[in-house]
Structure formats: structure tokens, C-alpha cells
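Colleague: The structure that follows is given in the form of C-alpha cells.
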Amino acid sequence: MRNGTTIDFLQGTLPALILKALSFGPLHGYAVARWVEQVTDDELPIEDGALYPALHRLEARGLIKAEWVRSATNRRVKRYELTADGRRRLKAESTEWRRFSGAVSRVLQARNGRRS
Amino acid sequence: MTRPPDGRPERSLWGPDVPRDVDDELADHLAEREAELRAEGLDPEAARARAREKFGDVGAVRRALVTMDESRERVRRRHDYLGDLGRDLRLAVRSLRRSPGFAITAFVTIALGIGATTAVFSIVDATALRPLPYPDPTRLALAVRQMPRDGGKTTACSFQDYVDWSERTDLFERTAAAVRSGFMIDGPAGLEWIWSGRVSSSFFSVLGVRPVLGRDLTDEDSRYGAARVAVVSHDFWRGRLGGDPDLSRHDVELSGQAHRVVGVLPASFRSMLHLPGAADVWVPLVVEPQTNKTRDARWLTFVARIRADVPLDRARAVIETMSRQAYADRSDETLRRGFTLVSAGDFVSGAFRPALFTLLAAVSCMLLIACANVANLLVARSLARRREMAIRVAIGAGRARLVRQQLTESLLLGLAGGAAGLAVAWLILPTILRLSPATLPRLDEAGIDLRVLSFVLLVSIATSLLFGGFPALRASRREPSDVLGTSGGAAGGRDGLARRALMGTEVAVTVVLLAGAALLVTSFEKLVRVDPGFTVDRVATVKVVPSAKDRAVPLYFDDLLARVEALPQVEAAGLVDILPLLPAWANADVTARELAEDARPDIADEPVHYEIRTATGGYFEALRIPLLRGRAFTDVDAATPAAIVSDDLARRIWGNADPIGKRLHVGPPEQPWVPVVGVVGPVRHFGLDRDVDPMIYRAANPGASWPSTLVVRASGDPSAFAPALRSAILDLDRRALLTTIRSMEEVLIDSVAERRFYAFLLTSLGFIAAALAAAGLFGLVAYLVGERTREFGVCMALGAKPGRLLAGVVAGGLKVTAVGIVAGLAAALAATRLLTSLLFDLSPTDPWVLAGVAVLMLAIAGAACYVPARRVLRVDPVEALRAE
């Protein structure tokens, strides 16, 4: 288990991760969780339980939409899909993240402590 | 909608089942996680536990999701609802604009119906429903007892009774006594009469009223010999005292005696407990030492505030027991029954409630008829719109949605009609109030206020649902395939039946209303034809208070009579102390033996109740009360007492023996003997609907107060004669005080004013209802003819005579009417019983009246059916066939 700061940090980016997961096609909640696990090699310790509130909040904001379908085993399954708004949002988040992480990287790799 | 294996629908009528959705989603996740872990080799138990562990706190997440989603659902529903409402309203407005004929007819019908109902409600509310305008009014009570000979109730009790009851502090928080009084006061137009009350110092505190300026009356003011003070009404203070805040500068002269004004009552104060109208001035009740305090002198009204912990019934029982014991030895049976306690509200409104509620019921019937008419219109209209409805259903509009749309339209009509109705009520209320009898209490409070506004809102909504509900449900039920294929439905069928049933109901209700109106009118006609025993034709009356005092008074009145008789138009003139047909009395109850010499032995111990009047000879002549035996009073009788009895009393006391010369004790048995000098015809002294009242007339006597109401019969119109009369009186004594000169005819009309009012209102309602029913019939027949035009064309092409077809249509309409009339008469037989107390000499199921109403309704219906049916005559068979 990673320490607390990592987890807090992650909660903020959860929505972005979900949006990305869905950008490849509609998925149900469990599939999203599995995809994130696989892509990150289970490096990010997201509790399954944190996922669902994030999914519902995204739905409430209209970035994703949900549909109830029947699975192969005739079970009700809630499937989420990215909306146009969601797609735009994902792009913005990615750009934002690149700038942010780039800046942090530069800071951490700085060789001198003085301002030029 | 597909259904899962467990059978429950996925969406409820109100939207998604949030908890279920959340459960399904989470269960699904956990199941898949479990399956994956089992595939990795864990046993089912461990897999389940691990899946849950990986998830986190399932319960907390579930709760958070449910809360979030439910609140989102609520917002979405509200948004949808408002959006739908807006859409429905716009649709309703557009749809109404497309059929202006329907919209206007319905709107006007509803406006009239609600307007009339609101006006009547406003009156009934003010008079009978609203609580009295005092703090905690349910605890106020008055003592009343029954008067003999169906005289109604009186509050008059003796001083001793007041003292006895006031001692019961276990029952009453506070008690008060009051008596009606009046004064002559100087006004802008000369001297005038104002009503006032003589009240104990506790009176205003019993009612819970405090003066807004100055002080209340105190015990000190009621002491015999104390300085004269008065408390005045707000209007009086503003009008006559100029609203001056410094009261110490103001004395008012009341009937010649100066009173210091010490207090001003609030503007909202109304006393209705013992006065017919508003009182302007209140003076302390002073019980002088020589006042008769025995139980024989009954003149006070007892008002009390019952203690909060004492129920009215208990206080009532105690008062009844006490007064029965006190009056146990009286000869008058109604006195022996003693006094009872009634709540102030019942006292003021009780007698009027049955009639007023009947009126409210009648106006509600009229509203029902209006609703039925509009419902009929809606059914006809929905028929015309059935293609539109069917298309809507076919493209997926839910039935609930359609019903809601129709109801929105109805509500729009109903609320708009209600608003217009409010305006109608506001307009007609003053007119109705002007016509209403002065005896109805608290009429000045009738108006459009918050209670009435709430009533209008409720009635508008109820009306909308009533006329709109049924047609809306029917319209949306039709299956699309029924209608889209055909080019028009049959004229009969379910819709025709519905309209005919509605029409029949309208006719039935109209018949009930007309029956009630006819009964009241007939009864009123019978009443005014009753001979009261005196004439009211061309008789003027006026009360005169001369400035002369004591011994000079009889001389003054002698002079006055001479002058008046000398006027050219005057046929006869006389004086009396109390006029007939006024709610004022002076009476006595004794046994026959105590009353008269030589009374018939078989009735010697029977109680005799009679009215006492003091009069001069000219009185009988002026009112044309026939002299049957002996003579009328002359000047001689002023010196030695004389009496005249009414014929009915004479026969009762002495049978067929000649009463002239026999002697009576007039009043209490201790009075000296008075000989009978004449017998006059019987009179109904208190009203046309009352029995004949036994009368004993006393000759005017200088020892007692002289009768001061002048009664004059003239040869022309009394109102033309009034100025001459007034100047004759004032010429003799410039400082005499006169009341307004009234004709006896006016007095008579006032005495029947209530019955006339109810008859008038019910008749108006009946006619409006009949007009509405006629309009409804007209519409129905016109519609039926329109629908069957093709059919008629075919018949006529095959040789049928147009006249026969016309007769057939009218007969159809009359059939519906006949059913309605029969139903209406049956209902009337039950309903008119409510009117029994208002009917004079008429049974509520009088067959002639009911038959008359049936014939009237048939005639109205016949006309209403005939006119639109004439269209049949204009049908062109060729055109009709071609249209196929």
C-alpha cells in the first residue's frame, strides 16, 4: 500500500483516468477498473469503491452518459460512454497534465538553486 | 419494457428506481471481481472476501451513490415537470385560441357560476360562518329564554337574575349586563336618533375590547348619582368630535343631558349582541334605588365570558337549573322553563343558518349545472379533436400525458373563469347587499377578503377538475385504430350517451332549484295577502318627543292631533306607544282569574298572555281596526281609566257574554280595575306569519307616559304628505324631536324583508340555472342535428317528410328532458324539506307548485330543442348524398 499522499493525489486525477478509459469505447464499471489496473500494471492503488462515485459524478456533469444493457448472461449491466463534452474535457485534461508534469519535472531536475 | 427474471419493471412510473440501480451496478462489479479471483485459484469464500476487501467500504459507497443519484433524479424530475407544464400551458392557450367559440362560452359560463357562488359565499361567511370579532369568541355566552306564543327568543332577564348568575364565579370569568337604549342628539340635519347601549362597567372587558383612547367605564360611573359619562364609537369620535385626541374638551348632549366623553372604542369594534345595528354611544348602566329589581321586571341582557376550563354545557345546565327554580311559581309556562345559555355566535347567527346554508346549497347546484354545461362542451370538442388525439397516441404520447394536457387546459379555463368570477362577485355584491334585509347580522363585514379569495381558488380548481376530469379521461382512452380509419363516428354511442346523461342531470338539478324558488315565491305571495287586522295603505307614522314636560305633554299632544286632523289630506289621526310590526313589546302574563272580573270559570287558572298598548281614539280609526262593540276612546277617558280589548281575547275570557262594562287589571294584578269600553277586531301585531295577538288597549292617561307615536292616514301618497306633516308638528313646537316619518307600508315590507330576499335570490338562481340548461339543450340538439345531417339527407331522399324528422329530433331532446324532470321532481321532494321553516302556509311538496315547475321546464326545453332542430328543414338531400 502506498502512503496517503499518493492516494489523495490520485483522487483528483481519477476522473481523467476514467475519461481516458472510455475514450476507446463504452465500458461498464468493472471494465474501467480492470483497464486502469492493466495499463498501469496495478501501480496505482485505486480502491474499486472510489471509482463509482467518480463515475456517477462524471455522469451528473454530462461528461459521460450511461445506458442499461443486458449482458450475455441476461444480467443488467450499466455501461458508460464518453460524450462529446467528455471528449473535449479529456483533451483539455491531457494538455493540462502535460504542462503540469513538465513543469514539476523541470523543478525536480533543476541543478542550481539560484534564480538566473 | 423488458422485464428481468424477477418480474419487477425496471422503471417505475416516476422514473428509475435508484437504490435498485445502484445495487445492481455494485453487485455486478463484485460478481465479476469474484469470478476473476476464482479464476486465479481462490476458493469461492476467499474470492468473495477478497473482492470486498479490494472494493473498500461497500456500504458507505452504496449510501453515497444513492444519495447523489436520488438528489439528481429529483432535480431532473422537477425540471422535466416544469418543462412539461410550460409546454402544456402553451399548448392549452393555442388550442383555446383555435376554438374561440368554445373558449368564450365556457369562460363566460364558469365566470357566472363562480361569481354567483362567491357572492353568496361572501354573505354566508360574514353572517353565519365567521367567528365573532372578539378575542376567544367561543367562550362568550348569553342567557336567553323562549317567549310565549312562538315569539322567538328573548334575552331579557331581571336584575336579580343578573346578580344570581354573576355570583357563579366558578363558571364565569366575568359577567356583564347591557340594555338597548337610544338618544336624541343634535346632528347636521337637526335632531336625530342614535342607538346606544347602557352597559355595566364590565361589558367591554367581557368582550375583550379596550378603548383606544381614554378609559373604559368603571364601577364608579355606574353608581347612582355619579357624573354622567359616555364611551363612544370610533366613527362617532371622528365624525362628531373631529378626532380630537383631547377628550376632556368634549361633552355630548344626549336627549338633553350632558355626558362627558371618557373613552373611544377601536374602529373595528362592532357590538351585535343586543343591538340591531351599530351603536355609537355607550353609557353606564345605572340601577337606581327605585328600580324594580324583582324578577317581574325583565329588561337586562346577560353576557358572560365562560371560564376556560368550564365547558359550555356545564354552565348551561347550571343556569337552566337556577332559573327554573327561581321561576317555578310563575303562571307563564315559558317562564317556568327558565333561561338557557347560548354561545354568542349561535345567538347572532343561529336563526339564519338554515336559510343561508340552503342558499349556499342552491348556488352550488347552479355551479354544478354550469360545470355540466362546460363538460358537455368539452366532450363535444374532444369528439372534434379525436383525430388529433389519436395521432398523438399513435406517435407515442402516453395516456397520462394526454390526460394531463387536457386537465391543464381545463385548469386554465377554470382559473381564468374563477378570476373573472371574482370580478363578477365584486360587482354584484353591493347590489345584493342593498337588497338584503337589515335583520341579517354582520352584513357590513361581507366583502372580498382573504377567506373569500381562498374560497374562489378552491372552487376554481374543483370546478376545473369536475368539468374537465371526465372528458379528459374519456378522450385519451380511445384507441387510435378506432378513429384513424373511419371518417367520422356514429352520433350515438358512448359519447352521445354521456352527453345525454349530463343533460338529464342538468335538467334534474334545474327542476330542484326552480321548485325551491317557486315554493318561496308562492309562499311569499300567500304571506302578503294575509290580513293583519289593520291597514297599511297610506298611513304615515312618526315618533314625536316634545320639549314640553310632564303635565304639559297631554295638552301638547291634544293640540298636535287637532292640528294634524285639520290638514286637508288627513282622514284620521291617533297616537300609540308602540306600533305594530316592530320588534318591540309590552306584555303581561297572568291567569284569567287575575286578569278579569267574571272570567269564564273553566279557564280561570289558565295563563293568559297579552300585549298592552296605550292609545288615543283616533288610532283605531287611522289604522282601520274595526270597532266591533262599544266605543273608541274619547277625551273623557283621560280622566278615568278605560280599556279596549281585542275580540279574540274577549271571547277567550268571557265567551259570548258582553264584555262592555266588565273590568280588568291591566298589567300586574295589583293594578286598579279598569272598565272595558269597547271591543275591536283582532290584529296580528308582530307579523303576517304570526298568530293573532291578544291585545288590551289602555286609554292615554296623564298619570302615565303619554303615547308619542303619531299614526296618520291621509288621502294621498304618504311621502308627498310627509313635509306637510313635519311642518305641522314643528310649527306647534319648534324644539320637538322627530324620528323619520315612515309609512306603515315600509314597516310592513321590512317585516317580510327576509322572506322576500330569499325568494328573490332563489328565483334569480333558478332562472340562471334554467337559462344554462336551455343553452345546454340547445347545444346538444344542434350538435346531434349536425352529426346526423347525412342520415337526414338520405331519409329525405327516400321520401321522409322533413316535418316528421324535425318532430323526431325535438322528441329526442324532450325525452332527455322528461327523464331529467322526473328525476328532478323526485329529488325536489326530498330537498325542499329544507325550506319548511321558510314556507308560510305551504307544504314543501305542494303538488300544484311542482306540477307548475314541471310544465315550465318542459316549455323551456321544448323551445330550446325546437330552434336548433329547425336546421333539419334546411337539409338538402342531394348535397347530403353527394358528401359521401
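The values are calculated or read from the model by the stated rules, or taken from the named source; none is laboratory data. Everything numeric in this text was worked out from a predicted model, so none of it was measured. Because the Cβ atoms are built from the backbone with ideal geometry, glycine has one as well, and the counts that use them run over all protein chains shown. These area figures cover heavy atoms from the full protein model, side chains too; ligands, DNA and RNA do not enter into them. Shrake-Rupley method; radii C 1.70, N 1.55, O 1.52, S 1.80 Å.
Colleague: Quick check: residue separation of B:Ile395 and B:Arg74 times 0.36 nm, minus the Cα distance between them. What number comes out in nm?
Modeller: Once the chain is fully extended between B:Ile395 and B:Arg74, it gains 112.8 nm.
Colleague: Continuing with this model, one more query. State, to one decimal in nm², a quarter of the convex hull surface area for the C-alpha atoms of segment B:64-191, i.e. the direction-averaged projected area.
Modeller: Dividing the Cα hull surface by four gives the mean projection, 23.2 nm².
Colleague: Could you please state, rounded to a whole Å, how far the C-alpha centre of segment B:284-326 is from the C-alpha centre of segment B:68-101?
Modeller: 65
Colleague: Tell me, what is the FRET efficiency for B:Leu89 and B:Ala498 to the nearest 0.05, using R0 = 30 angstrom and their Cβ-Cβ distance as r?
Modeller: It comes to 0.65.
Colleague: In debye, nearest 20, what is the charge dipole magnitude of chain B about its Cα centre with +1 on Lys and Arg Cβ and -1 on Asp and Glu Cβ, if you could check?
Modeller: Dipole about the Cα centre, nearest 20: 3120 debye.
Colleague: Related question: How many angstrom lie between the C-alpha centres of segment B:792-827 and segment B:604-662?
Modeller: What the calculation gives is 68 Å, centre to centre.
Colleague: Note the full-extension length gain between B:Ile660 and B:Glu45 as 0.36 nm times their separation in residues minus their Cα-Cα distance, in nm to one decimal.
Modeller: Difference between extended and current length: 208.9 nm.
Colleague: Using the Cα gyration tensor of segment B:705-763, with a ≥ b ≥ c the square roots of its eigenvalues, what is the shape: rounded (a/c below 1.5), prolate (a/b larger than b/c) or oblate (neither)?
Modeller: Prolate, since a/c reaches 1.5 and a/b exceeds b/c.
Colleague: Hey, for a label at A:Arg87 modelled as a point 7 Å past Cα toward Cβ, could you say which residues of segment A:16-35 have their backbone N under 16 Å away?
Modeller: A:19-27
Colleague: Assign one of three labels to the protein assembly as shown, namely rounded, prolate or oblate, based on the Cα gyration tensor with a ≥ b ≥ c the square roots of its eigenvalues; rounded applies when a/c is under 1.5, prolate when it is not and a/b is larger than b/c, and oblate otherwise.
Modeller: Taking the square roots of the gyration eigenvalues as a ≥ b ≥ c, the protein assembly as shown is prolate.
Colleague: State the percent of C-alpha pairs, over all pairs in segment B:605-650, separated by a distance greater than 16 angstrom.
Modeller: 45
Colleague: Right, something else. In 20 Å bins starting at 0, how do the alpha-carbon pair distances of chain B split up by percent?
Modeller: 11, 31, 28, 18, 9, 2, 0
Colleague: A follow-up question, please. Excluding residues fewer than 8 places away in the same chain, name every one of the aspartates and glutamates whose C-alpha is closer than 16 Å to that of B:Lys801.
Modeller: The reachable aspartates and glutamates, counting only those whose Cα sits under 16 Å from B:Lys801, are B:Glu791, B:Asp876.
Colleague: When the chain is fully extended, how far beyond the present Cα-Cα distance does B:Ala64 get from B:Arg324, taking 0.36 nm per residue of separation?
Modeller: Gain on extension, B:Ala64 to B:Arg324, equals 86.0 nm.
Colleague: On to the next question. For the ranges A:67-73, B:817-823, B:397-403, what's the packing order if you count other beta-carbon atoms within 10 Å of each residue, average per peptide, and put the highest first?
Modeller: B:817-823, B:397-403, A:67-73
Colleague: Give me the distance between the Cα centres of segment B:411-476 and segment B:347-363, rounded to whole Å.
Modeller: 18
Colleague: Taking the Cα of B:Asp876, stepping 7 Å toward and past its beta carbon, and measuring to each backbone N in segment B:788-805: which are under 20 Å?
Modeller: Of the residues in segment B:788-805, B:788-803 have backbone N under 20 Å from the label point off B:Asp876.
Colleague: Are there any helices in chain B, counted as whole DSSP H runs, that stretch 20 Å or more along their axis by Cα and score at least 0.0 on average by Kyte-Doolittle, and if so which?
Modeller: B:100-124, B:353-384, B:399-435, B:450-477, B:493-528, B:552-566, B:718-732, B:753-787, B:802-831, B:847-869
Colleague: Using per-residue counts of other Cβ atoms within 10 Å, averaged over each peptide, order B:156-163, B:739-746 from highest down.
Modeller: B:156-163, B:739-746
Colleague: Name the residues of segment B:40-68, by number, that are at least 30 Å² less accessible with every protein chain in place than in the isolated chain; the surface is that of heavy atoms, probe 1.4 Å, without ligands or nucleic acids.
Modeller: B:Lys54, B:Phe55, B:Val61, B:Leu65, B:Met68
Colleague: Quick one: compute the contact order of segment B:127-196, relative version, from alpha carbon pairs under 8 angstrom and 6+ residues apart, as a percent.
Modeller: Relative contact order, segment B:127-196: 14 percent.
Colleague: To the nearest 20 debye, what is the magnitude of the charge dipole of segment B:541-599 about its Cα centre, counting +1 on the Cβ of each Lys and Arg and -1 on the Cβ of each Asp and Glu?
Modeller: Roughly 340 debye, rounded to the nearest 20.
Colleague: Quote the charge dipole size of segment B:136-252 about the Cα centre in Debye, to the nearest 20; the model charges only the Cβ of Lys and Arg (+1) and of Asp and Glu (-1).
Modeller: 260
Colleague: Another question, then. Of A:Lys78/B:Lys54; A:Lys65/B:Lys54; B:Lys153/B:Lys662; B:Lys153/B:Lys526, which sit over 22 Å apart, Cα to Cα?
Modeller: Exceeds cut-off: A:Lys65/B:Lys54; B:Lys153/B:Lys662; B:Lys153/B:Lys526.
Colleague: Please average, across the residues of B:18-30, the number of beta carbons from any other chain that are within 10 Å of each residue's own beta carbon, and give a whole number.
Modeller: Counting Cβ atoms of other protein chains within 10 Å of each residue's Cβ and averaging gives 4.
Colleague: Note down the accessible area of B:Ser205, probe 1.4 Å, to the nearest 10 Å².
Modeller: Per-residue accessible area (B:Ser205): approximately 40 Å².
Colleague: Looking at chain A as a GNM with Cα springs under 10 Å, which of A:Pro53, A:Pro15, A:Pro26 has the largest mean-square fluctuation?
Modeller: Maximum fluctuation in the GNM of chain A, among the listed residues, is at A:Pro53.
Colleague: Show log10 I(q)/I(0) for segment B:294-361 at q = 0.24 Å⁻¹, two decimals, from a solvent-free Debye sum over equal Cα scatterers.
Modeller: Reported log10 I(q)/I(0), two decimals: -1.09.
Colleague: Given an 8 Å cut-off on Cα distances and at least 6 residues of separation, report the relative contact order of chain B as a percent.
Modeller: Worked out over chain B, it gives 14 percent.
Colleague: Using the Karplus curve 6.51 cos²θ - 1.76 cosθ + 1.60 with θ = phi - 60°, what ³J(HN,Hα) values do you get for each residue of segment B:299-304, in whole Hz, with x for Gly and Pro?
Modeller: Karplus values, whole Hz, x for Gly and Pro: 8, 9, 9, 9, 10, 9.
Colleague: Could you give me D for segment B:647-782, from Stokes-Einstein at 10 °C and 1.306 mPa s, where the hydrodynamic radius is the Kirkwood radius over C-alpha pairs? Units µm² s⁻¹, please.
Modeller: Result for D is 77 µm²/s.
Colleague: Using a 1.4 Å probe on the protein heavy atoms, what percent of the accessible area of chain B belongs to carbon and sulfur?
Modeller: 58
Colleague: Moving to a separate point now. Using 10 Å bins from zero, what percent of all Cα-Cα pairs in segment B:174-277 falls into each bin?
Modeller: 14, 50, 34, 3, 0
Colleague: Which value, in square angstrom to the nearest 100, describes the accessible area buried between chains B and A on both sides, using a 1.4 angstrom probe?
Modeller: 2200
Colleague: What angle do you read, to the nearest 10 degrees and between 0 and 90, between the alpha-carbon axis of helix A:48-60 and the longest principal axis of chain A?
Modeller: 80
Colleague: Determine the shape class of segment B:1-147: with a ≥ b ≥ c the square roots of the Cα gyration tensor eigenvalues, call it rounded for a/c under 1.5, and otherwise prolate if a/b is greater than b/c, oblate otherwise.
Modeller: Cα axes put segment B:1-147 in the oblate bin.
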